[in-house]
Amino acid sequence: MVFNETKLAHDRKGERGSITIMAAIFALLLLLMVGLTIDISRIYMARQELQRAADAAALTAARELNGGPGGIDAAVTQAINRIANDQGLRAKTAVAITSVEFAVNLNDDPYMSAASARNVASTINYVKVTTASTTTTILFASSALGVSHSESKQAVAGKSVELAGICDFYPAAVGLTNPTPAPGTLMTLKFAQGSGNTATINNFDYIVLDVPCINGNGDTETAILAAGEPCACSTLGANIHMTPSSNFGNGGAAAGDGMNTRFGVYANGYGNNLNASNYASDTNVTENITYNQYISSNPEGNGRRVVIAPIIAPGTYPSDTDGRILAWGKFFLKNMMYVQNGNCANNPPCGYMTVEYVEEANIGATGTVSCGSGLTTSVLYK
């Protein structure tokens, strides 16, 4: 009896020892699993940061492609600046760019350097950004993952499908002595009013156009055209039809009220046409910022403050006579336009438009117009 009790006690001690060993093993395995999860999560977060950085840089670079060597240089500069200025990315992962490359076709292999792309700038459609390799130190699961994990990311962006011509452009012609000013040039564009017999366009004037979908040229028509009514198509080198554009007193105010819908300001009158349903506000209405600040803002603007307009030579044109399009200009509206009741034309700066010239619009120069949206934008392809 004593023997059996002694043996039983000994067996129980053995069982307790086995349970302790098993518990220790399971605890170690659990710790390893938690550590593995933490390390994998850190790798995944670093990977996501790298990909977001590559995507943002590629999209920003693609916006600069304009068919000229300057667009290639600007693409490289803006890709690098996007990463350098994006504090949200830099705060988590030290992101750097190792290369910005270019291609004519999406699946070209390899992509070419900026130096090579400058020589064929008019054919470049895509830009590839590659980030520098970033190393994540493995803290807990080095036996499974190694002491560190390194990787880089790539992104390819380019312009959306271009048209032979451009449709839905801002239906106002801008008079510029230099039809291709330097990007970043600030301008104050003044509303020009035809006399009924002639239309005189000075340097830095703009005049509302006569377009087929709008009957008449009164205040209401001027306001809805300035708000962005999409109903006109043309090509570089073609002639566009000018109009006396509303009346001399109120035309500038009507144009200003239409433009200000981009800032979420909707004036009364005009047949109740100026409303958010017809003409949505931009998502970024901060005034007195640069175009670069606008496209890198969070949230990024939706493009309503960027308008593409035909550029013509200053001069006096007989009433209802066409003016030839010398260039397509992309303009960024910096501020809301000042408007007032009464005789706007005699009360500057009523109807004045403060803009930053962004670049020559990226569109084809010749060919049959294919209607749709002529506002090309950068899109992510890979």
Looking at the structure I just gave you, is Ala182 modelled with pLDDT of 90 or more and closer than 30 Å to Ala53 by Cβ? yes
Single residue of the stretch 291-313 satisfying the filter (surrounded by 14 or more Cβ atoms within 10 Å (Cβ to Cβ), part of a loop (DSSP other than H, G, I, E, B) and in contact with a Gly (Cβ under 9 Å, 6 or more places away or on another chain)) that is modelled with the lowest pLDDT: Arg304
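Is it the case that the stretch 39-52 has a residue that's assigned to a loop (DSSP other than H, G, I, E, B), small (Gly, Ala, Ser) and modelled with pLDDT under 85?
First pass over the stretch 39-52, keeping only residues assigned to a loop (DSSP other than H, G, I, E, B): none.
No: zero hits.
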Candidate set from the stretch 262-287 (those that are farther than 14 Å from Gly301 by Cβ and polar (S, T, N, Q)); member that is surrounded by the most Cβ atoms within 10 Å (Cβ to Cβ): Asn273
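Here is a yes/no grid of residues against (1) modelled with pLDDT of 80 or more; (2) farther than 25 Å from Glu221 by Cβ; (3) assigned to a helix (DSSP H, G or I); (4) not small (Gly, Ala, Ser):
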{"position": "Asn247", "(1), (2), (3), (4)": "no, no, no, yes"}
{"position": "Ala254", "(1), (2), (3), (4)": "yes, no, yes, no"}
{"position": "Asn260", "(1), (2), (3), (4)": "yes, no, yes, yes"}
{"position": "Tyr266", "(1), (2), (3), (4)": "yes, no, no, yes"}
{"position": "Asn275", "(1), (2), (3), (4)": "yes, no, no, yes"}
{"position": "Asn284", "(1), (2), (3), (4)": "yes, yes, no, yes"}
{"position": "Asn288", "(1), (2), (3), (4)": "yes, yes, no, yes"}
{"position": "Tyr317", "(1), (2), (3), (4)": "yes, no, no, yes"}
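Can you give me the number of residues within the stretch 314-344 that are among the aliphatic types (A, V, I, L, M) and surrounded by fewer than 20 Cβ atoms within 10 Å (Cβ to Cβ)? Steps first, answer last, please.
Of the stretch 314-344, the ones among the aliphatic types (A, V, I, L, M) are 325-327, 333, 336-337, 339.
When the remaining residues are screened for being surrounded by fewer than 20 Cβ atoms within 10 Å (Cβ to Cβ), the result is 326-327, 336.
Total satisfying the criteria: 3.
Does at least one position in the stretch 358-366 carry a residue that is assigned to a strand (DSSP E or B) and at pLDDT 85 or above?
Within the stretch 358-366, the first condition is being assigned to a strand (DSSP E or B), and the residues that meet it are 358-360.
So of that shortlist, the ones also at pLDDT 85 or above come out as 358-359.
Yes: one or more hits.
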Give me a count of the residues in the stretch 186-206 that are modelled with pLDDT under 85 and among the hydrophobic types (A, V, I, L, M, F, W, C). 2
Which ones in the stretch 150-165 are at pLDDT 75 or above and of a type outside the set (Asp, Glu)? Ser150, Ser152, Lys153, Gln154, Ala155, Val156, Ala157, Gly158
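The values are calculated or read from the model by the stated rules, or taken from the named source; none is laboratory data. A quick note: this is a predicted structure, and the numbers were derived from the prediction, not measured. All Cβ positions, even for glycine, are placed from backbone atoms using ideal geometry, and neighbour counts span all protein chains on display.
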